[in-house]
Every structure is written in C-alpha cells, then in structure tokens.
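To start, the structure under review is shown below, and the notes come after it.
Each reported figure results from applying straightforward, stated rules to the coordinates on display, with no laboratory input. What you see is a predicted model; the values in this text were computed from it and never measured. As a convention, Cβ positions derive from the backbone with ideal geometry for all residues, glycine included, and neighbour counts pool all protein chains shown.
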Ligand SMILES: Nc1ncnc2c1ncn2[C@@H]1O[C@H](COP(=O)(O)OP(=O)(O)OP(=O)(O)O)[C@@H](O)[C@H]1O
C-alpha cells in the first residue's frame with residue numbers, strides 16, 4: 001500500500017489517477033484478505049468526489065510524510081463516511097401531504113421489541129449517545145458491572161450509607177410437594193420436568209418466601225415487591241409462575257378476589273407478565289398454560305398482530321381496524337389472545353410492554369397528530385374518510401381494549417432490559433397506568449435509571465405500586481440495583497448463589513480465526529461439531545440414528561446474519577436466519593423457532609383428545625428431522641434471541657462470532673445453551689495471534705476471571 005502511494009508521487013500523476021491507484025491497490029489487498037484496516041481504506045479512499053480533498057493535502061506535505069497515509073487519523077477522519085443515525089423502530093415514509101407525526105417520548109422511541117433489537121444491534125458509537133449504562137467489555141476492567149448480592153435473601157439498600165438487611169439462612173424446600181403447592185400443580189410439574197425434578201435454588205427461595213411466606217412480612221406492605229435473580233437456565237420462569245398461579249387460584253377458591261367488571265373493557269386481567277420480545281412472551285404463556293392444565297386458569301398472550309402488508313382499496317377503515325385487532329391467526333392452543341373471541345376477562349396476560357400498552361390506550365397511543373395547517377381560505381382540512389381514518393392514518397387512533405382494575409400482579413421478566421434506558425419509559429408508563437386505574441397514581445419521572453444512588457438524607461421518590469410487583473433477571477447491572485434501591489427500598493431480593501456466573505454445565509472454547517474467510521471458519525466449525533457428534537454416537541450406540549447438535553450463532557449485525565446464512569446455505573447447510581425485520585416474526589406464532597425451542601406440552605389425555613394422544617411421527621419423518629440438509633440445525637441471529645428463550649437441550653452449541661459488547665450480552669447469549677443441567681458449549685471466535693489480537697486476549701482473560709467468579 002505504502003509503496004503504491006510513494007510510486008504515485010514520484011511520477012507526478014493527476015490526482016484522480018493517484019486516487020484510483022490507491023483504490024485499486026487497497027482493493028487488491030482486500031481481496032487477499034489482509035486485514036480490516038486495509039479493507040476500510042479501500043472503502044474510504046474511493047476516487048471521485050473526494051479528489052479535491054486530496055488536492056488540498058497534496059499542496060501540503062502529504063506525500064512527504066514518513067508514515068503511511070492510512071495511519072494519519074486526521075486525514076482518514078475527513079474521508080470517513082458519516083455514521084448512520086440510530087435506527088428507529090418504525091420507519092415513517094415521508095408523505096408530504098400529511099403533517100408530521102410526533103412521538104410522545106422524546107428519546108429513541110420504544111415501539112416494539114424490535115427497538116430492543118435495534119438498540120442491541122446499534123453500533124458502539126451509537127450506543128454511546130444513549131449513555132449505555134453498561135461498559136464495553138474492557139472499558140472498566142477494575143470495576144464489576146454487576147450488583148453482588150450479600151446473601152440469598154436481602155432487603156435493599158445498596159447505598160453506601162445504609163447496610164442491607166440480610167436475613168439469616170434458613171432451610172428451604174427441597175421437593176415440589178403439596179402442601180405448600182396446590183395438588184393440581186404436581187402432575188404438571190412431573191410431566192414437564194420429570195418425576196425426580198427438585199426445585200432449583202431460586203425456586204426453593206421463591207417457594208419459601210413467596211408461597212409459604214414464612215410468617216414474615218418481608219415487604220412491609222400489603223403488596224409484595226420481589227426481585228428474583230439467578231443464572232440463565234436456572235428455572236426463574238417457574239420460580240415466579242408457581243407463586244403467581246397458586247395465589248390467583250387460591251384467591252378464586254377462597255372468594256378473596258372479587259372481579260370488578262368494566263362493561264366497556266371486558267378484557268381485564270388479574271396479572272400481567274411483561275417480556276421484551278414476542279417470542280419470549282409466547283413461550284412463557286405456553287409454559288403457564290401447561291402448568292395450569294389441571295389448575296384451570298385462563299392464560300392469554302397478546303402478540304404481534306397479522307398486519308396486512310398493503311391496504312386493499314375495498315377494505316373499509318372499520319374492517320381493517322377489526323382485522324388488526326384480531327391479533328393472531330386463531331392459534332388458540334398456544335394461549336394467544338384473539339380479541340374477537342376473548343371477550344371474557346383473562347387471569348394472566350403475557351405480552352411485550354408496547355403491545356400491552358396498545359390494549360390499554362389503543363393503537364397509535366404514543367403518537368400525537370401533527371399540526372393541521374389551514375388552507376388558503378383559512379379553513380382547517382377535514383380528515384379524509386378512507387385514508388386518514390385508516391389504521392396508521394392521520395386521524396386514526398385505536399380503541400382501548402383492556403381494563404386494569406383487576407390487576408393484582410405485574411411480573412417484569414428480563415427486568416434489566418425492560419428498565420434499561422430504551423425501555424424504561426414505556427414500562428414505567430404502563431405501571432403508572434395500572435396504578436392510576438387502581439386508584440393510586442404514580443408519577444413517571446424521566447430517566448430515573450441514570451440517577452445516582454440516593455443518600456439516606458435525600459428524598460428519592462419511593463414507589464409503592466398498588467399490586468404485587470415481581471422482577472426477574474439473570475443479571476443485575478448496578479444501575480438497576482441503584483434504581484431499585486432508590487425507588488423500591490422495601491423490595492426483597494432473592495438471589496441464587498451462582499447469579500452472574502455461567503451455568504456449571506456450560507463449557508467455554510476459544511476458536512482462533514484462520515486469517516482467511518471467516519464464514520469458511522464458521523462452516524468448518526459447524527461441520528466439526530457434527531462430526532464429533534457422529535463419532536461419539538458411533539462409539540456408544542451405532543445401531544440408532546444419530547442426533548446432531550443444533551447450533552445457535554450470534555452476530556452483532558443483521559447484515560452479517562443474512563450474509564452468513566447465504567454462505568452456509570450455498571455450502572449445503574440449511575439455516576434459519578432471524579433478524580428484527582424478518583418476515584417470519586410477523587406471523588404471530590413461534591413457528592419460526594420450531595425445532596430450536598424446547599417444546600412445552602403436557603401429554604394429551606387419551607380420553608379427552610384420543611387423536612392427539614395417538615399422534616406419532618413416522619420413521620421417515622423422524623429421519624427428516626435429524627437430517628441437517630432437510631431440517632435446519634443452525635440458527636443465526638442477533639441479540640434478539642439472547643433473552644429468556646428456553647432453547648431445546650439439542651442446542652448443544654452457541655457460537656459467538658462477534659465480540660460481545662458487554663458482559664451482560666455475553667452471559668445472556670452464552671446462556672441459551674447448557675440450560676437446566678444439560679451440557680452445552682459456548683464457542684467464541686476471536687483473533688488470537690498477530691495484529692489486533694491483544695484485545696481478544698484481554699477479553700478472553702476478562703471472561704475467564706468472570707466465569708471463575710473472580711469479578
Ligand atoms: N426444577 C427444575 N428441574 C429441572 N428442570 C427445570 C426445573 N425448573 C425449570 N426447569 C427447566 O429449565 C429450563 C430453563 O428454565 P427457565 O427458562 O425458566 O430459565 P431462566 O432462569 O428463566 O433462564 P433465562 O435467564 O435464560 O431466562 C426450562 O426448560 C425448564 O423447564
């Protein structure tokens with residue numbers, strides 16, 4: 001590269017010739033795959049529009065510099081393309097005939113779970129603008145990013161001035177038994193987890209403190225406030241679902257719950273479970289459905305609707321609005337909500353905060369109409385019947401569908417995401433709406449998560465919601481702990497001993513890039529995984545068909561997901577590629593994750609559903625499911641699927657091909673494998689030798705310390 005430029009200067013060529021020479025030499029280097037800085041140079045030093053800048057440089061001492069031009073940071077900065085603005089969740093098409101719509105929230109709006117994704121997919125530079133509370137992996141090696149609980153059970157506060165109230169260790173239940181559990185839960189638990197299943201540490205704690213209650217008024221108020229934190233795959237869902245469902249059933253049986261009816265909004269749940277993605281909400285709701293197989297409670301999931309891609313001219317606004325309100329395609333088995341049929345109140349509603357808000361306030365609740373300008377005669381334009389009153393049009397606002405008077409429980413799953421700066425406004429607005437409907441309004445103050453720890457003398461707003469408030473997470477970043485300390489000082493923290501560690505059954509492996517095609521490295525590794533599966537199987541049980549591991553690959557960018565999927569597809573490896581905008585995600589079911597997620601089902605009762613009970617797969621179907629050429633065994637995605645989803649134990653490998661941005665991200669991605677005591681491996685691809693490997697080695701060191709519990 002350097003020689004090419006020196007050569008150019010000695011022959012006094014024209015600027016554009018010089019530039020094109022630089023360009024072509026850089027492209028050559030790119031083709032030989034010699035490193036990222038050169039590739040970037042090839043992109044940035046294209047001849048043409050920037051030639052003037054080169055001319056200016058040439059007048060100075062550019063070519064006399066001792067160093068190579070790609071080392072001149074100032075110059076490169078000048079030619080750098082402007083960075084992309086942060087992606088918004090919903091892209092508005094410019095329509096000059098309409099006044100612009102504004103959003104109520106001043107910050108980057110949280111419209112959908114896809115905004116979570118765009119936040120996770122955004123470039124590091126973009127993340128900085130939103131003051132990401134998490135440091136990048138190496139930014140602050142001295143200080144831990146996490147809150148370390150002093151004991152499995154503690155009550156607030158984190159602030160340095162006060163000491164947390166630490167409860168003495170007591171014996172916790174070691175079996176799922178009735179009592180304290182309702183007898184109806186026992187067969188469901190046995191069917192789902194096996195007859196020998198024992199409660200995990202977080203489940204023991206929750207049975208003890210949330211179900212038995214131990215005669216101790218921990219939360220010092222009528223309503224419980226709890227945080228459940230434990231490592232990934234340790235059964236937090238069951239830890240909060242059991243107390244929730246049991247209490248709902250008991251209140252119903254004892255007559256202590258009196259349903260307040262709201263004739264206009266019949267859908268009036270007793271509990272709301274919030275999750276950051278539709279996929280997770282659906283999986284949790286089917287888990288709850290299976291648990292209540294005998295304990296009859298009505299479970300629903302408000303999910304991504306079937307939005308028609310185009311507006312047909314013969315569809316009236318009313319019809320279209322009705323279609324949009326029929327949220328799913330009638331897959332009632334999964335417990336998803338169909339507003340046409342579900343006019344009765346439900347017991348537990350699962351959903352993302354944005355979807356639940358749409359039910360509470362009506363679709364389009366977060367948009368205000370743009371200013372309508374008077375015409376030349378000073379008359380205000382009327383809304384046009386068809387277009388402007390169509391869903392999404394200027395004058396359209398959906399009807400609220402859901403009452404909140406009966407809500408006695410709110411569970412925030414993946415609390416660190418739902419209270420992170422991108423989500424917290426909508427989450428807290430939702431909590432405040434419920435409080436207001438229950439006669440106890442709570443003000444929503446902006447940006448509470450960035451506030452410093454309150455000293456004992458300062459007066460942080462103490463929030464006591466008029467409902468039971470349960471948070472769960474596998475990671476408690478310090479800013480979440482501080483928020484809880486400031487605003488929920490009575491919150492009880494139940495934490496498992498291994499919180500913030502990788503599951504014991506998950507192994508970590510580092511794979512160096514070969515220096516050639518990275519996609520080929522990944523392909524090779526996938527094939528190695530399958531080869532070792534086949535070899536191990538051959539030694540153990542050669543007469544039965546082999547089951548090959550499923551592989552989940554995490555990239556940082558959607559573009560890379562698609563490129564890698566194309567590459568592997570061309571090499572004969574079928575993959576599912578999922579990004580926030582994937583069409584499959586819009587279907588309103590988890591079909592796109594079939595084969596990867598752990599199926600949740602209770603064996604059908606042969607008397608009640610004889611056909612379902614008989615259903616079994618033919619040999620050919622079984623073989624097709626095992627064949628990676630027919631059934632995809634590789635899923636490629638971004639952080640979208642890193643949260644909460646319970647992948648099947650067949651998913652033996654997680655590949656992390658881009659450096660995780662922070663420890664939180666790493667723990668959640670890695671934790672999709674090695675769940676519930678099953679073996680798993682997280683494979684981290686990185687550069688371990690030569691230029692640029694220093695950082696990888698430091699990251700490796702940090703991850704090692706972390707997984708060994710030194711941080
Ligand atoms: N006591 C138990 N014994 C055996 N398996 C269990 C037990 N409790 C839960 N499981 C299983 O463990 C798996 C993981 O559970 P779950 O998804 O609730 O974990 P989690 O802690 O919420 O994980 P994450 O932090 O990733 O959301 C599920 O498949 C569940 O069926």
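Show me the ranking of peptides 620-633, 195-208, 566-579 by mean Cβ neighbours inside 10 Å, starting with the highest.
So the peptides 620-633, 195-208, 566-579, ranked by packing, come out 195-208, 566-579, 620-633.
Packing-wise, with mean Cβ within 10 Å as the measure, how do 227-239, 489-501, 507-519 rank, highest first?
Highest-to-lowest ranking by the protection proxy: 227-239, 489-501, 507-519.
Cα atoms only, the range 627-671: Rg and Dmax in Å?
When restricted to Cα atoms, the range 627-671 yields Rg and Dmax of 11.7, 36 Å.
If packing is taken as the average count of other Cβ atoms within 10 Å, what order do 410-416, 680-686 fall into, highest mean first?
Packing proxy ranking, top to bottom: 410-416, 680-686.
So how much slack lies between residue 563 and residue 694, counting 0.36 nm per residue of separation and subtracting their Cα-Cα distance, in nm?
Full extension of this stretch gives 44.4 nm more.
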